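The structure appears right after this line, and notes come after that.
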Amino acid sequence: MKQILNLLLVSLLCLSTLFCAPEQDSSNSKQPEKVDRLVRELFEVLDMRGQTQKGFDMMHEHQMKSFDQVMGSMPGGMPEEGIKYIKSQQMNLSDFLKGNLSFDQMVGDLKTLYSKNFKIEELEAALNFFKSPMGRSYYKKSMAILPEVMEISRKQVQTFMPELIQKVQEIQRNIHKKIQELKEKAAEEQEVRE
């Protein structure tokens, strides 16, 4: 189950990079209405709402594939009851994520991100490009290959997943150890004061 959760977290990180751009100095603050209009129009042209949902759906699908691979690779397999329980927990997690990850919940932050990182001229150029036949073709093909991109990413993550899990566990142990040390130190200092 930890592998599935870790894969989900890595998938979320990968998905988040689709929406990020290098920070730029922008003079958009002088024309916030124009920037807001351009960003909203760009989001519409790019069908960001639909694409975000498709991204979450693909992430869920890849999560389920990874789960099946993990279950298939367990020595001796797992009892059917255990598989059913784990799948129900995975669906519970998936339902939670669907309820808490949506374009509508992110749109404000995405607008801020785009406004902060893209100049008006860049937004206009992007909008003009994606409205053009070449831009629509590029976008359509980009979306068509996205599942393959996600699969490549998933396979890459699998190559270092055991080390990633070990690293996460090591970090968790170190944090736990440090917290314990700090608690003990605080308790000793408290005893000295009393």
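Kindly check whether there is at least one residue in the range 45-66 that is among the hydroxyl-bearing types (Ser, Thr, Tyr), farther than 25 Å from Lys116 by Cα and either crowded, with 17+ Cβ neighbours inside 10 Å or modelled with pLDDT under 85 (or both).
Checked against the condition, which is being among the hydroxyl-bearing types (Ser, Thr, Tyr), farther than 25 Å from Lys116 by Cα and either crowded, with 17+ Cβ neighbours inside 10 Å or modelled with pLDDT under 85 (or both), the range 45-66 yields at least one hit.
If we scan the range 134-146, do we find a residue that is under 15 Å from the mean Cα position of the chain (by Cα) and open to solvent by less than 60 Å² (accessible area, probe 1.4 Å)?
yes
Per-residue answers, yes or no, for (1) farther than 30 Å from Arg37 by Cα; (2) not hydrophobic (A, V, I, L, M, F, W, C):
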site	(1), (2)
Lys84	yes, yes
Met91	yes, no
Leu97	no, no
Ser142	no, yes
Glu151	yes, yes
Val157	yes, no
Ala186	yes, no
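For Gln90, indicate whether it is touching a Phe, Trp or Tyr at 6+ places or on another chain (Cβ under 7 Å) and either outside any helix (DSSP H, G or I) or modelled with pLDDT under 90 (or both).
yes
Please find, within the range 153-194, the residue that is nearest to the chain's Cα centre (by Cα) out of those that are free of Cβ contacts under 8 Å to residues at least 24 places away in the same chain, surrounded by 10 or more Cβ atoms within 10 Å (Cβ to Cβ) and under 22 Å from Met58 (Cα atoms).
Out of the qualifying residues, it is Gln156.
Is it true that Ser115 is open to solvent by less than 80 Å² (accessible area, probe 1.4 Å), farther than 25 Å from Met59 by Cα and part of a helix (DSSP H, G or I)?
Criteria met by Ser115.
Taking the stated definitions as given, is Lys131 within 15 Å of Leu46 (Cα to Cα), touching a residue at least 24 places away in the same chain (Cβ under 8 Å) and touching a helix residue (DSSP H, G or I) at 6+ places or on another chain (Cβ under 9 Å)?
Against the criterion (within 15 Å of Leu46 (Cα to Cα), touching a residue at least 24 places away in the same chain (Cβ under 8 Å) and touching a helix residue (DSSP H, G or I) at 6+ places or on another chain (Cβ under 9 Å)), Lys131 qualifies.
On the basis of being in a helix (DSSP H, G or I), hydrophobic (A, V, I, L, M, F, W, C) and at pLDDT 60 or above, does Ile4 make the cut?
The answer is no for Ile4.
The values are calculated or read from the model by the stated rules, or taken from the named source; none is laboratory data. Note that the structure is a prediction, hence the values are computed from the model and not measured. Heads up, the Cβs are rebuilt from the backbone with ideal geometry, glycines too, and the neighbour counts pull from every protein chain shown. Just the protein is used for accessible areas: all its heavy atoms, side chains included, with ligands, DNA and RNA removed. Shrake-Rupley method; radii C 1.70, N 1.55, O 1.52, S 1.80 Å.
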